[in-house]
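Here is the structure we will look at.
The values are calculated or read from the model by the stated rules, or taken from the named source; none is laboratory data. Computed from a prediction, not measured in an experiment: that's the story for all the values here. Ideal geometry is used to build each Cβ from the backbone, glycine not excepted, and the neighbour counts take in all protein chains shown. Remember, those area values only see protein heavy atoms, side chains included, never the ligands or the DNA or RNA. Shrake-Rupley method; radii C 1.70, N 1.55, O 1.52, S 1.80 Å.
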There are 4 protein chains.
Amino acid sequence: MTSSRPLKIVTLLGSLRQGSYNRIIANALPDLAPADVSITLLPTIGTFPHYDADVQAIGIPAEVSTMGDAIREADGVIIVTPEYNYSIPGVLKNAIDWFSRLPQQPFAGKPLAIQTASMGVIGGARAQYHLRQTLVFLDAIVLNKPEIMVGAVQNKVNADTLTLEDADTRKFIAGQLEAFAAFIRRVG
Amino acid sequence: MTSSRPLKIVTLLGSLRQGSYNRIIANALPDLAPADVSITLLPTIGTFPHYDADVQAIGIPAEVSTMGDAIREADGVIIVTPEYNYSIPGVLKNAIDWFSRLPQQPFAGKPLAIQTASMGVIGGARAQYHLRQTLVFLDAIVLNKPEIMVGAVQNKVNADTLTLEDADTRKFIAGQLEAFAAFIRRVG
Amino acid sequence: MTSSRPLKIVTLLGSLRQGSYNRIIANALPDLAPADVSITLLPTIGTFPHYDADVQAIGIPAEVSTMGDAIREADGVIIVTPEYNYSIPGVLKNAIDWFSRLPQQPFAGKPLAIQTASMGVIGGARAQYHLRQTLVFLDAIVLNKPEIMVGAVQNKVNADTLTLEDADTRKFIAGQLEAFAAFIRRVG
Amino acid sequence: MTSSRPLKIVTLLGSLRQGSYNRIIANALPDLAPADVSITLLPTIGTFPHYDADVQAIGIPAEVSTMGDAIREADGVIIVTPEYNYSIPGVLKNAIDWFSRLPQQPFAGKPLAIQTASMGVIGGARAQYHLRQTLVFLDAIVLNKPEIMVGAVQNKVNADTLTLEDADTRKFIAGQLEAFAAFIRRVG
């Protein structure tokens, strides 16, 4: 048993907006993590070009490779993302499309957790199952429960300080992080 | 009844690669269309920036608005796309994410047909149902049948001349175009 | 234009429980329907055997054929159903599996609307998209909007009188019925 | 490491037809299993009543409880099923709906693999992702790869002897069973 093994987790953010609700959640994660678990936000995916096999033929962009390395070296990945049009944001899917082309595909066998937030009541649920289908192909090992779908997120953050204030949401997320750490230690 | 009403259809291509198999299919469509149906390929979606609400706040990019106009003015839209990682290509989803923000959302009430092609046997089926879920939100009226999922597409095109040569595939696609024209005339 | 054509709609209920929240909603529909629209609840699907091609080979059960006739003769169908285990209830899917084998498949070209209700906040959304995927194969013409997903349904009904009391929910549903009637008159 | 731990796997069959292609595949599994892995076909799910909370209130049927025990005691489960109408067969979903109500839900934390077969080229892929979504709720740990989707299954079996004869298919399936055994030993 290695239940106290320290874990390094990276967060992949699916929104580019500076004041993004999902960014606020991603920024809250380090504080909500269990002991011995570090959580680091990856750089923006907004600098990736659109995936194009002709561009790939010239060479995979350095920012893709570098972020792929960071994912590969992490013990687990958390994807924090809004839902756009009942599915994965294009910009996030584009990042995944690039990662999937890396020589050592970084999601293969990687423990992964999903968090979505939206202003509606459904909290991004529709995006989660599309993401899970994509992650079957990438061979990530995705945590089932608890699912984090933050509905009415605008009422749960402080838009001035850009902090996640809602106590219940903080508790739900902390619960997922604890379950995810245990999951990584079991299957990772 | 207006069964002989001439129809203008536009094609939205989900791949950027110059030699893309899906581009070859998109290019074949005008020849396969029924009488009185014109089919025009829209410009590339590769020039759109990644969707970002901060960019939107400054102003929706002109290329998005222009393409949105072309979709709005068409009698129907055909999406021709590969499947990436068991879902919609990020670059195509990104274009849709932009279109969804236009003041008069151009897919609303618009008849739409889907064609996918891939090198595997499944022919992009997984991407089609994700696309359909997105199109529920956009309120497009999507043709059910016949579904066009071209498997092993590399064996059905001439990679030198970039033409769709397989007679059966041409026939299936022509059949969908005929069904789509009738569908537009009924529901459009 | 035939905007005042009277319409006959039938409701297919996905739950067997006598006190089912979805049954309460189904029972509320006739009162919420627009003028000139009658809505009739179909008999229970609980009497259908499990679909089995060996049983089909002997003969499609009479209750399947009879209900298939009622669907075929209706101007539109409303499916009202709970979500079980993030998908369509088995009993409802079984009924659909039977209907799909009828000589004149009754959903082909049939306008259809979906309503789901659940005790959780998500209101059965996950079941709706699975149902929509099935209905692509059956070639139903499914209304996109408004989607009816009644969350926390236990707070919106009177469990003693088995009536739908929540005014907002009644209004949302009446809005869908009005949109559905217009949709039938346009595409049916 | 317990890589040589003997494993007991049970197979859940989604079709009732006696001559079912999926039954032929399920029957082939014991022969294709790696050393130290036993694979046993569970009894038919055709004897389960339709799920009905009123029936559940009287008592969960004995055949459900007994099969739930067998699943709980197994090291892993393989679901072998056709696709009906682009989704899970109703009869299989119904069995799952019952299992989900057992006091100790038998799929929780259980390693699980999926195999589908169909007469078309797509081999049941659409049913697999619906099943995976349901299994998120049930908290099964589902093998990602290799996916077994047997297309044109009628050409791969001997319909007289009811045996799986196609060498490639046998090899693919044996490969999944080997991957599944390793997966169980890692995550189970």
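Of note:
- Only protein heavy atoms count here; on that basis, with a 1.4 Å probe, C:Tyr129 has an accessible area of about 20 Å².
- Annotation for C:Val121, label-to-label distances across the other copies: 1.0, 4.4, 4.4 nm (shortest first, one decimal, point 7 Å from Cα along Cα→Cβ).
- Axis-proximal residue of chain B for the rotation onto chain C, reported as residue and distance in whole Å: B:Val187, 2, based on Cβ position.
- 5 angstrom amide H check on D:Asn144, placed H, neighbours 5+ away: none
- Using θ = phi - 60° and Karplus 6.51 cos²θ - 1.76 cosθ + 1.60, couplings along the range B:15-26 (whole Hz; Gly, Pro as x): 10, 9, 4, 4, x, 3, 4, 5, 5, 4, 5, 4
- Fraction of antiparallel bridges per DSSP, the protein assembly as shown only, in percent to nearest 5: 15 percent
- Taking 7 Å steps out from each Cα toward its Cβ at C:Arg101 and C:Ala179 produces label points 3.6 nm apart.
- Per residue, the convex hull volume that the Cα atoms of chain B enclose (Å³): 107 Å³
- Charge tally around A:Ala113: other residues with Cβ under 13 Å, Lys/Arg +1 each, Asp/Glu -1 each, net 0.
- Label zone at D:Lys8 (point 7 Å along Cα-to-Cβ), backbone N below 12 Å, the range D:35-49: D:38-40
- Cα gyration tensor category, rounded, prolate or oblate, for the range C:72-139 with a/c compared to 1.5: prolate
- Label distances, nm, D:Thr66 versus same residue in remaining copies, Cβ-directed 7 Å point: 3.3, 6.4, 7.2
- Charge tally for D:Ala127 (other residues, Cβ to Cβ under 14 Å; Lys, Arg +1; Asp, Glu -1): +2.
- Total accessible area lost when C and B pair, probe 1.4 Å, Å² to nearest 100: 1400 Å²
- Inter-label distance for D:Gln18 and C:Asn158, nm, one decimal - labels placed 7 Å from Cα along Cα-to-Cβ: 5.5 nm
- Cross-link reach is defined here as a Cα-Cα straight distance under 19 Å, omitting same-chain residues fewer than 8 places apart; for B:Lys171 the lysines meeting it are B:Lys145, B:Lys156.
- Theoretical FRET efficiency, 1/(1+(r/R0)^6), r = Cβ-Cβ of C:Thr40 and C:Ala108, R0 22 Å, to 0.05: 0.60
- Expressed to the nearest 5 percent, the antiparallel share of DSSP beta bridges inside the range B:73-145 is 10 percent.
- Taking every C-alpha pair closer than 8 Å and separated by at least 6 residues, the mean separation divided by the residue count of chain A gives a relative contact order of 26 percent.
- Ranking D:Ile60, D:Thr163, D:Ile9 by Cα position along the charge dipole of chain D, where only Lys, Arg, Asp and Glu carry charges on their C-beta atoms, puts D:Ile9 farthest toward the positive end.
- Candidates B:Asp31, B:Asp168, B:Asp160, ranked by Gaussian network fluctuation over chain B, Cα under 10 Å, top entry: B:Asp160
- In the range C:95-133, the residues that give up 40 Å² or more of accessible area when the other protein chains are added, compared with the chain on its own (1.4 Å probe), are C:Asp97, C:Ile122, C:Arg126, C:Tyr129, C:His130, C:Gln133.
- In the protein assembly as shown, helices alone account for a calculated mean residue ellipticity at 222 nm of -12500 deg cm²/dmol, with every DSSP H run of four or more residues adding -39,500 (n - 2.57).
- Rounded to 5, the percent of DSSP beta bridges in the range A:1-139 classed as antiparallel: 5 percent
- Gyration tensor (alpha-carbon) shape descriptor, the protein assembly as shown, a/c threshold 1.5: rounded
- Surrounding net charge for A:Ile24, when Lys and Arg each add one and Asp and Glu each subtract one, Cβ distance under 13 Å: 0
- Looking at chain C, the accessible area is 37 square angstrom per residue; that uses a 1.4 Å probe and ignores ligands, DNA and RNA.
- Each other copy places its own label point for B:Pro146 at 3.1, 4.0, 5.1 nm from this one, sorted shortest first, where the point lies 7 Å along the Cα-to-beta carbon line.
- Debye, to nearest 20: dipole size of the protein assembly as shown, +1 on Lys, Arg Cβ, -1 on Asp, Glu Cβ: 0 debye
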